[in-house]
Each structure stands twice: as structure tokens, then as C-alpha cells.
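*Asks:* This is the structure I have questions about; it appears just below.
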Amino acid sequence: MPDFSTFMLFAAASLVLTATPGPDMLLIASRSVSQGRSAGFLTYAGIAAGTYCHAFAAGLGLSQLFLTVPIAYEIVRWAGCIYLLYLAYKTMRSEGSAFSPSATLKRLSGKRIFSEGLATNLLNPKMALFVLALFPQFADPSGASLPVQMAVLATVLNGVGLFVNGMVILLGSQLRSRLGSISRFPRLPQYLLASVFAGLACRLALGTRS
């Protein structure tokens, strides 16, 4: 297993990476504003679970498929785009105000919110390549099994991410309470969340593998 100094270096790198605004943070923040604190934490839990999946895939060598078989990368990329556009459509079609107690968005089950966060992460091949590029640099080839080391590193990354994104979630829920007093634009957070899904789809479609 990596030594303590390696873990600390990885934790520092994780802090820099998770504190840098990106697609995951944007999705978590928009969920928190539109649907509340619980939805924000459930979204992060889904994203964190996806990170474990990518880590195990890298440990088993499955993520190499995206490097050796470009069509596999493209299939996952476009599947992710379609899924994100579907989420944007469903969000826009939801009836009721996002702040109303009877709002469709608010009635979303925890399982569905978690699953959407997980699927969004899994269908992002860039995340797989990111894990494949970063994690092996902190693994010990002569130590424990590589999948176990990858899982430990994913735990460190997710722990740091929980701290950073936890603050984002709390801030988002505070903003939600402030926006709740605005009656002129009751569906604003709903439009915001749909825009985030659509924006992530465009980012995935127009981005490159690098």
C-alpha cells in the first residue's frame, strides 16, 4: 500500500481537484438549489459511487479499453449525452413550482436522485480516463492488489470531495431558502437544473478526449 506521505500528497491533489469548479460541482450545486440539501447529498453519493466504479475498472484494466478501442469511448460519450439531454427534458416537463410542497421535482425519490448522479458519472468517459491517469501514479505496484489500492485512493478522493461539496450543498440550500421567497419566478431553479443537464451534455459532446 502507499505510505503515509503518498496518501497526504494524494489528499492534497484531491483537494485541489475537487475545489476546482467542474461538472460534478455544478450538478451538485444546482440540485441543492432546486431540490434541497438532501438531494444535493444524494447526488454526491451517486457521483462518489461512480468514482468507486471507475477506480475498480482502472484497477482491473478495464478503463484501458477507452485508450485501445476509441469506438468504446465514443459509444459511452454519446450515451452520456443522450442521457443528460433526457434528464434536461424530464426536468423541464416537470409540473409545478420547484419550491411548492407538491412540486414534482421535490417528490423525486432518493433512489432516483442517487441513480441519476451515479449514471451521470458512469457515462462520462473522461472520468474513467482521469482515474486511469491519476490513480496509478500513487499506487504501489509491489504492494497489495491494485483494485484494493484503487478503492482506497477512491475513498480518499471521495472523503475530500464530501468536505468540499458538502459546503457547496449547504450554500446551495441556503440560496434555495432565499429564492423560496421569490414568487415572480417560481420555476427558476427548475430551469437552472435543466440548463445544467443540457450544458453538461453539450460539454460532453463537444469535448475531446484530452
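Only the coordinates and a few stated rules stand behind these numbers; no lab work does. Computed from a prediction, not measured in an experiment: that's the story for all the values here. Backbone-built Cβ (ideal geometry, glycine too); neighbour counts: all protein chains shown.
*Asks:* How would you rank SER109, SER14, SER173, SER142, going from fewest to most other Cβ atoms within 10 Å of each one's own Cβ? Walk me through the numbers before you get to the answer.
*Replies:* Values: SER109 9, SER14 22, SER173 18, SER142 5.
So the ranking, lowest neighbour count to highest, is SER142, SER109, SER173, SER14.
*Asks:* Tell me, what HN-Hα J-couplings in whole Hz come from the Karplus equation 6.51 cos²θ - 1.76 cosθ + 1.60 at θ = phi - 60° for each residue of the stretch 42-51, using x for Gly and Pro?
*Replies:* These are the phi-based 3J(HN,Hα) values: 5, 4, 5, 4, x, 5, 5, 4, x, 4 Hz.
*Asks:* Would you please put 23-35, 69-81 in order of how densely packed they are, using the mean number of other Cβ atoms within 10 angstrom per residue and starting with the highest? Could you put the intermediate results ahead of the total?
*Replies:* Working: 23-35: 24.0, 69-81: 15.2.
Sorting 23-35, 69-81 by mean packing, highest first, produces 23-35, 69-81.
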